[in-house]
Amino acid sequence: MRCRGLKKAFGSGDALAPALRGIDLDIRYGELLMLVGPSGSGKTTLLSIIAGMLDRDAGQCLVLDHDFQQLGPDERARLRGESIGFVFQAFNLLRTLTVAENVAVPLLIRGTLRKEAVAKAEAMLAAVGLDERANALPAQLSGGQQQRVAIARALIHEPRLIVCDEPTSNLDHATGHHVMALLQHEARRPGRSLIVVTHDNRIFEFADRIAYLDDGMIVSVDGPALPGALQ
Ligand SMILES: Nc1ncnc2c1ncn2[C@@H]1O[C@H](COP(=O)(O)OP(=O)(O)OP(=O)(O)O)[C@@H](O)[C@H]1O
């Protein structure tokens, strides 16, 4: 992922409010990058542009060798569905499907047979410590358990880029560490990258680099320098 001079504002006229004011950022394969900064500093806006959910106003952004903004709606949806896994603050679980079926959805959409998809979902649920809840409905789970279901769903189709907005916000310390270890393991696999927006300083230790945002700018990047990157 490579962003240069990325700008985004919301509103118009007198109410125009810049959210990103020129972001330069690279993410390499095998890396877990955290985006950290005060509320309103632009973290979710940046994540949304990287994940192709929001258009930028200016600058460049190449994700998995594609510029989302140059793609039509079908191509965008296909690239997102195949190559990006999402973990949002709102878990967006489907209430009428079981936990295993929810996790299986990304595979079912891609045409995997139901039996195979659910078996994979059960294995992924075991990885997040929820195999015993596979047949429950989401409403029967705690917030932290639903968070882990959302993480299992984001990983099941082995996306090359995983974007997470506050993935540990509903988790206790031990569960948060367990989930971050799983995410870190995913980021280490060949051809993978992971971006985590977080306020949770208990998980900073899992980052390869931490980019600090303030007022729509990256003010510093901690961690090993990237060759050729603007830091
Ligand atoms: N859809 C929107 N419409 C108008 N303004 C928005 C919108 N989304 C974000 N903003 C504004 O853009 C700025 C950056 O918001 P953003 O949500 O990216 O910050 P953040 O760092 O993720 O904050 P938080 O940590 O509270 O989630 C804020 O001033 C916010 O009010």
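The values are calculated or read from the model by the stated rules, or taken from the named source; none is laboratory data. Worth saying up front: this structure is predicted, and the values here are computed from it rather than measured. Methodologically, a virtual Cβ is constructed for each residue, glycine included, from the backbone with ideal geometry; neighbour enumeration extends over all protein chains shown.
Return yes when Asp65 is at positive phi and among the charged types (D, E, K, R) and no when it is not.
Yes; evaluated as a whole, the condition is true for this residue.
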Give the number of residues within segment 150-190 that are in a helix (DSSP H, G or I) and more than 14 Å from the chain's Cα centre (by Cα).
-> 9
Does segment 56-72 contain at least one residue that is surrounded by 21 or more Cβ atoms within 10 Å (Cβ to Cβ), away from the ligand (no atom under 15 Å from the Cβ), at pLDDT below 95 and in a helix (DSSP H, G or I)?
-> yes
State which residue is nearest to Pro159 (Cα to Cα) when the search covers only segment 24-43 and only residues that are within 16 Å of the ligand (Cβ to nearest atom), surrounded by 19 or more Cβ atoms within 10 Å (Cβ to Cβ) and of a type outside the set (Lys, Arg).
-> Leu33
Considering each of Arg192, Arg188 in turn, give the residue that is touching a Lys or Arg at 6+ places or on another chain (Cβ under 8 Å) and basic (Lys, Arg).
-> Arg192
Would you tally the residues in segment 171-209 being surrounded by fewer than 19 Cβ atoms within 10 Å (Cβ to Cβ) and within 16 Å of the ligand (Cβ to nearest atom)?
-> 4
Subset tally (residues that are within 10 Å of the ligand (Cβ to nearest atom) and in contact with a Lys or Arg (Cβ under 8 Å, 6 or more places away or on another chain)) for segment 8-23 = 4
Any chance segment 131-146 includes a residue that's within 21 Å of the chain's Cα centre (by Cα) and among the hydrophobic types (A, V, I, L, M, F, W, C)?
-> no
Only one of (1) over 13 Å from the mean Cα position of the chain (by Cα); (2) within 21 Å of Gly223 (Cβ to Cβ) does not apply to Leu32, and that is (1)
